[in-house]
Amino acid sequence: MKQRRVVVVAYPGAQALDITGPVEVFDTSNRLLCDTEGGYRVEFVSADAPLVRACSGMAIEAAPLEAGSGPIDTLLVPGGWGLNDALADARLVSWIRDAAARSRRVTSVCGGSFLLAEAGLLSGRRATTHWAFAAEMARRYPDVIVDPEPIFVWDAPYVTSAGVSTGLDMSLALVEEDHGAPFALEVARFLVLFFKRHGGQSQFSAILDAQLADHPPIRAAQEWIMDNLERQLAVPEIAEQAAMSPRNFARVFRREVGVTPGQYIEAMRIARARKLLETTDLPISQVARRCGFTKPETFFRSFGRVLELTPNEYRQRFQLTTPAGLAAAAEQAGIPAA
């Protein structure tokens, strides 16, 4: 098999990590493949060649868009603070549309999914982007099924990721598709990524952090919820903490936080369950109880709906381990020690 051609689209104001993260995954893969066939040849193209400034000021040397002609294995489109200008560049959008038709798979990081949507490539497809921009993407492109929760979404041949560090996860998934799970784990270890995150892992923990309300009574209620997750929580009881009637509390909570009290409670319980699964060896039934799920089946149902994994699968993928435990897991997977 010849080298896989990866073409990266660069534009002024692109997010540097959206580009360098995936590129480092492909480069590390090449080094671990030791020049055997099936590696990656990365090229950079831009309408602003030959030198493009990322939003951080980092300079990217790129060839003109015309250099990206011919068959492409993987097309990568980043996001960044210069996205609005890129969306207004009809030549760039048209080139992306044409290049996608010549690509085996088309990928984006963060706001790069806007460029794919602008090119008409995501119509009727499921896609994701950074949680902070998901509502705008859904408004701007109503024919795209925008899912703000997963860290990346694979709707072949399109793979969209949530942004910045999730480009690493997406790229590792691409490497896994090309070379298998043991090799992808070896790449992750070399990059000191101690585990690969499944695409279904949720962005929701970041959303929750951003949704701590400015309104003092609602913030107090949120803090009380966190301190009492193991209990059965009813809206009237929570409303008392905010000194509000249940009906008014529910209305104001949704306005301030963006979700209903019930949705918020479930999300906080899932967040706590993830932490316990990652950092303890507690039996699943105890994890469920500590998070306020009275029945294991309710826990499994909620957990699976949010993360698309069972609690056991999540623990196997994401549990933090000691170096000795990591080495044992690698040995079991057939990966030689570094």
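Of all accessible surface on the chain at a 1.4 Å probe, what whole percent is carbon and sulfur?
C and S atoms contribute 54 percent here.
Cα gyration tensor of segment 248-308, axes a ≥ b ≥ c as square roots of the eigenvalues: rounded (a/c below 1.5), prolate (a/b > b/c) or oblate?
Taking the square roots of the gyration eigenvalues as a ≥ b ≥ c, segment 248-308 is prolate.
Report the local net charge at C55: Lys and Arg +1, Asp and Glu -1, summed over other residues whose C-beta lies under 15 Å from its C-beta.
For residues surrounding C55, the net value is -2.
Would the chain count as rounded, prolate or oblate if I go by the C-alpha gyration tensor, calling it rounded below 1.5 in a/c and otherwise prolate when a/b exceeds b/c, oblate otherwise?
oblate
Assuming 0.36 nm per residue, please report the length gained on full extension of the stretch Q263 to T280 beyond their Cα-Cα distance.
3.6 nm
FRET efficiency for A156 and T310, Cβ-Cβ distance as r, R0 = 22 Å, nearest 0.05?
0.35
So if each residue of separation counts as 0.36 nm, and I subtract the Cα-Cα distance between A181 and N248, what length gain in nm does that give?
Stretched out fully, the A181 to N248 stretch lengthens by 19.0 nm.
Could you tell me the relative contact order of the chain? Use alpha-carbon pairs under 8 Å, at least six residues apart, and round to a whole percent.
12
Excluding ligands, DNA and RNA, what is the solvent-accessible area per residue of the chain at a probe of 1.4 Å, expressed in Å²?
46
Once the piece of chain linking S165 and L51 is laid out straight, how much longer is it, given 0.36 nm per residue of separation minus the C-alpha distance between them?
Gain in length upon complete extension: 38.6 nm.
Starting at the first residue of segment 55-68, write each ³J(HN,Hα) from the Karplus equation 6.51 cos²θ - 1.76 cosθ + 1.60 with θ = phi - 60°, in whole Hz, x for Gly and Pro.
My calculation for segment 55-68 gives 5, 7, x, 5, 8, 10, 7, 9, 8, x, 4, 4, 5, x Hz in order.
What dipole magnitude, in Debye to the nearest 20, does segment 1-59 give about its Cα centre under +1 on Lys/Arg Cβ and -1 on Asp/Glu Cβ?
Value, rounded to 20: 100 debye.
Considering only the other residues whose Cβ falls under 11 Å of the Cβ of A14, what net charge follows from Lys and Arg at +1 and Asp and Glu at -1?
Cβ neighbours under 11 Å give a net charge of -2.
I want the antiparallel fraction of DSSP beta bridges within the chain, as a percent rounded to 5.
30
Along the positive direction of the dipole of segment 1-145 (beta-carbon charges: Lys, Arg +1; Asp, Glu -1; about the Cα centre), which of G120, V8, V93 reaches farthest?
G120
For R317 paired with E43, estimate the spin-label separation in nm (one decimal), with each label point 7 Å from Cα along the Cα-to-Cβ line.
Placing both labels 7 Å along Cα→Cβ, they lie 3.4 nm apart.
The values are calculated or read from the model by the stated rules, or taken from the named source; none is laboratory data. Note that the coordinates shown come from a computational prediction; the quantities given were computed from them, not determined experimentally. Cβ: placed from backbone, ideal geometry, glycine included. Neighbour counts: every protein chain shown. Accessible surface is based on the protein model in full, side chains and every heavy atom, while ligands, DNA and RNA are left aside. Shrake-Rupley method; radii C 1.70, N 1.55, O 1.52, S 1.80 Å.
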